[in-house]
Amino acid sequence: MEEVEKNWMMIFTGSSIPELGKKIADNLGLEVGKVELSTFTDGEIYVRYSESVRGAHVFLIQTCCHPVNYIIMETLIMVDALKRASAKNITAVIPYMGYSRQDRKARGREPISAKLIADLLSTAGIDRMMTMDLHAGQIQGFFDIPVDHLTAIPKIIDYINEKNIEDLVIVSPDAGRVGVCRNVASRCNADLAILYKSRPKPNVAETINIVGDVKNKNVFIVDDFIDTAGTVCESAKFMKKLGAKIIYTACTHLVFSRPAYERLKNAPIEEIVVTDTMPIKEGLLGDKLVVLSIVDILSQAIKNVFQNVSVSEIFKGRM
């Protein structure tokens, strides 16, 4: 990638995923900007940029990993500091947007927390939001600023096609992912199956039925994220009972809350394919875990935004 003019574009990263920010900056021929991050003894977050950002188009790279509430607050304070330091434009690059699964009121007296996060980021002072594979695409409408909704699905499609799996069925883990999984199935010349499940409470899923045939088939479950891994592991066990042969799973975001490790380690899943939108411990799950890099997608999207070029062109012919 050609080197971007250093005087106007600046890359900063918070404490969530500095390694991703460094890779993106390297890809763009830049260095990660210097920022001082610390906490007071009572837990309050302190931010100070160690170099001038006046007149710069700043891209702040964070992702909502554990501890998610701390990371969100850190992001808001970093944005406020940029705004008060006269940055010309502030783009929040948040590959995994926290609270995105709370995008509607499923029951009375519940919040719509994804809208609250959108409001907080906008009020703090971002001019643009860049994210990847939202739990629900409609969350873009919670923002009154431009949102670049990127996707890692082309990376997953390429990986599946490289494996050249015979008798392949792409499985949607719920009705909400049918559109995405149908596209993957079409691109991979595979059949499609859909799981229907009940969810009595958050992080608890009960598979109740399946539409499609997985008997004597190789299965690839494609989802947006894995959190406690309850859904994907129960789905794998369910399809094994139905006669599925080898089961794989793929997702964009590996949130990996407890007890995901033990569940995935013991589940009848041959391979877990994820991307590096979240920090992933080296050697986690051994050869069972495959990590695809989305650095090139984020780098190109940042470059296109900076140069006022269409972001959707990145995915032209790949979706």
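The values are calculated or read from the model by the stated rules, or taken from the named source; none is laboratory data. Keep in mind the model is a prediction, meaning the values are calculated, not measured. Note that each Cβ is placed from the backbone with ideal geometry, even for glycine, and that neighbours are counted across all protein chains shown.
Yes/no per residue for (1) surrounded by fewer than 21 Cβ atoms within 10 Å (Cβ to Cβ); (2) in contact with a Cys (Cβ under 6 Å, 6 or more places away or on another chain); (3) over 19 Å from S16 (Cβ atoms); (4) of a type outside the set (S, T, N, Q):
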| site | (1), (2), (3), (4) |
| --- | --- |
| K237 | yes, no, yes, yes |
| G243 | yes, no, yes, yes |
| S257 | yes, no, no, no |
| R263 | yes, yes, yes, yes |
| K281 | yes, no, no, yes |
| L285 | yes, no, yes, yes |
| K288 | yes, no, yes, yes |
| I294 | no, no, no, yes |
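Taken together, the criteria exclude L121 from residues that are surrounded by fewer than 17 Cβ atoms within 10 Å (Cβ to Cβ), among the aliphatic types (A, V, I, L, M), in the same structural domain as C65 (by TED's automatic domain parsing) and in a helix (DSSP H, G or I).
For region 45-53, state whether one or more residues are assigned by TED's automatic domain parsing to the domain that holds N304, closer than 30 Å to I226 by Cβ, in a loop (DSSP other than H, G, I, E, B) and without any contact (Cβ under 8 Å) to a residue 60 or more places away in the chain. For region 45-53, residues assigned by TED's automatic domain parsing to the domain that holds N304, closer than 30 Å to I226 by Cβ, in a loop (DSSP other than H, G, I, E, B) and without any contact (Cβ under 8 Å) to a residue 60 or more places away in the chain: absent. When V274 is tested against (1) over 17 Å from the mean Cα position of the chain (by Cα); (2) at negative phi, just one condition goes unmet, and that condition is (1).
Can you say whether V58 is surrounded by fewer than 19 Cβ atoms within 10 Å (Cβ to Cβ), of a type outside the set (D, E), within 25 Å of the chain's Cα centre (by Cα) and more than 23 Å from L254 (Cα to Cα), as far as the supplied structure shows? Considered against the rule, which asks whether it is surrounded by fewer than 19 Cβ atoms within 10 Å (Cβ to Cβ), of a type outside the set (D, E), within 25 Å of the chain's Cα centre (by Cα) and more than 23 Å from L254 (Cα to Cα), V58 comes out as no. Within region 265-279, can you find the residues that are part of a loop (DSSP other than H, G, I, E, B) and farther than 24 Å from P18 by Cβ? Within region 265-279, A267, P268, I269, E270 qualify. Restricting to region 92-115, what's the tally of residues that are under 16 Å from G137 (Cα atoms), out of contact with any Phe, Trp or Tyr (no Cβ under 6 Å at 6 or more places or on another chain) and not in a loop (DSSP other than H, G, I, E, B)? Qualifying residue count, region 92-115: 1. In region 141-184, the residue that is nearest to the chain's Cα centre (by Cα) out of those that are modelled with pLDDT of 95 or more and among the acidic types (D, E) is D148. Take the conditions (1) within 20 Å of L60 (Cα to Cα); (2) free of Cβ contacts under 8 Å to residues at least 60 places away in the same chain; (3) surrounded by 18 or more Cβ atoms within 10 Å (Cβ to Cβ); V309 misses just one of them, which is (3). Identify all residues within region 11-41 that are more than 14 Å from Q62 (Cα to Cα) and either at pLDDT below 95 or not in a loop (DSSP other than H, G, I, E, B) (or both); write none if there are none. Answer for region 11-41, where residues must be more than 14 Å from Q62 (Cα to Cα) and either at pLDDT below 95 or not in a loop (DSSP other than H, G, I, E, B) (or both): D26, N27, E36, S38, T39.
With the condition kept exactly as written, say whether any residue in region 281-293 is touching a strand residue (DSSP E or B) at 6+ places or on another chain (Cβ under 8 Å), in a helix (DSSP H, G or I) and closer than 18 Å to I194 by Cβ. Checked against the condition, which is being touching a strand residue (DSSP E or B) at 6+ places or on another chain (Cβ under 8 Å), in a helix (DSSP H, G or I) and closer than 18 Å to I194 by Cβ, region 281-293 yields no hits at all. Here is the figure for region 64-107: residues that are touching a residue at least 24 places away in the same chain (Cβ under 8 Å), surrounded by fewer than 16 Cβ atoms within 10 Å (Cβ to Cβ) and of a type in the set (G, A, S) total 2. The single condition from (1) over 24 Å from A136 (Cβ atoms); (2) of a type outside the set (V, I, T); (3) over 20 Å from the mean Cα position of the chain (by Cα) that N209 fails is (1).
Can you confirm whether region 167-184 contains a residue that is in contact with a His (Cβ under 9 Å, 6 or more places away or on another chain), under 30 Å from S310 (Cβ atoms) and surrounded by fewer than 16 Cβ atoms within 10 Å (Cβ to Cβ)? Yes, region 167-184 has at least one match.
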